[in-house]
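Here the structure is laid out as structure tokens; the discussion comes afterwards.
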Amino acid sequence: MTRPRAALLVAAAATLAAAPALAQPKMEGRAALVQRLSDCRKLTDDSARLACFDQATAALEQAEAKGDIVVVDREQARTVRRQAFGFSLPSLSMFERGEEKEEVDNVTGKIASARQDGTGKWVLRLEDGAVWQQVDVTELSLYPKAGQSVTVRKATLGSFLASVEGRRAFRVRRVE
């Protein structure tokens, strides 16, 4: 085996070995304020436990009010995953604790505005604020208009297809 080929194989093996570590950022467990609240349960003296709970909940409420900690319920987590559809994000695993991973394969929305850019490709702004831009050269038989429904679905190799009012799909990418 030649040296360049051997070096390439070693580099590829190192990259593959490191890939799992890069793919999933490690969660550090609970937030310190939540752990402090939970630790109050360990106290056996009633008055000390109550004082601990009072202090810990006050600190937790203050941190939430300042934005230092964010409390998200399961439905809010689902909403975040749907809003992030189309973006390539490193991890949303913090929103998946305690439930099976929900794979979002498509989203449906209403067009707030539609326009063609300087190259003649369509840019669709949806009512939820998402902006999708056409990336292929598909000629649309009918132009998209505000108020029409659009479905964006996952396609092959990380791409996405948009279909307005159930018509022929065209390739898009999320830009906002």
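The values are calculated or read from the model by the stated rules, or taken from the named source; none is laboratory data. On a predicted model such as this, the values are computed, not experimentally measured, just so you know. Note that each Cβ is placed from the backbone with ideal geometry, even for glycine, and that neighbours are counted across all protein chains shown. Please note that ligands, DNA and RNA were not included when accessible areas were found on the heavy atoms of the full protein model with its side chains. Shrake-Rupley method; radii C 1.70, N 1.55, O 1.52, S 1.80 Å.
Are there any pairs, at least 6 apart or on different chains, whose C-beta atoms fall under 6 Å, with the first in region 50-64 and over 11 Å from residue 36 (Cα atoms) and the second open to solvent by 40 Å² or more (accessible area, probe 1.4 Å), and if so, which?
63/33
Across region 62-77, what is the number of residues that are assigned to a helix (DSSP H, G or I) and either open to solvent by less than 80 Å² (accessible area, probe 1.4 Å) or not charged (D, E, K, R) (or both)?
Summing the residues that are assigned to a helix (DSSP H, G or I) and either open to solvent by less than 80 Å² (accessible area, probe 1.4 Å) or not charged (D, E, K, R) (or both) in region 62-77 gives 5.
Filter region 99-142 for residues that are among the aliphatic types (A, V, I, L, M) and without any contact (Cβ under 8 Å) to a residue 24 or more places away in the chain; which is nearest to residue 153 (Cα to Cα)? If you could, list the steps in order and put the result at the bottom.
Within region 99-142, the subset among the aliphatic types (A, V, I, L, M) is 104, 107, 111-112, 114, 123-124, 126, 130-131, 135, 137, 140, 142.
Going one step further and asking which of them are without any contact (Cβ under 8 Å) to a residue 24 or more places away in the chain, we end up with 104, 137.
Details: 104: 9, 137: 18 Å.
Only one residue fits best here, namely 104.
Could you name every one of the strands (runs of 3 or more DSSP E) located completely within region 106-171 that has at least 2 residues being open to solvent by 80 Å² or more (accessible area, probe 1.4 Å) and either β-branched (Val, Ile, Thr) or at pLDDT 90 or above (or both)?
Working: elements: 106-116, 122-126, 131-134, 149-154, 160-164.
Once the strands (runs of 3 or more DSSP E) in region 106-171 are filtered for at least 2 residues that are open to solvent by 80 Å² or more (accessible area, probe 1.4 Å) and either β-branched (Val, Ile, Thr) or at pLDDT 90 or above (or both), what remains is 106-116.
When the residues of region 105-131 are filtered to those that are hydroxyl-bearing (Ser, Thr, Tyr) and under 24 Å from the mean Cα position of the chain (by Cα), which remaining residue is nearest to residue 81 (Cα to Cα)?
First, the residues of region 105-131 that are hydroxyl-bearing (Ser, Thr, Tyr): 108, 113, 119.
Still in the list and also under 24 Å from the mean Cα position of the chain (by Cα): 108, 113.
Values: 108: 14, 113: 23 Å.
This residue is 108.
When the residues of region 1-59 are filtered to those that are surrounded by 11 or more Cβ atoms within 10 Å (Cβ to Cβ), of a type in the set (Lys, Arg) and closer than 23 Å to residue 70 by Cβ, which remaining residue is modelled with the highest pLDDT?
Selected residue: 36.
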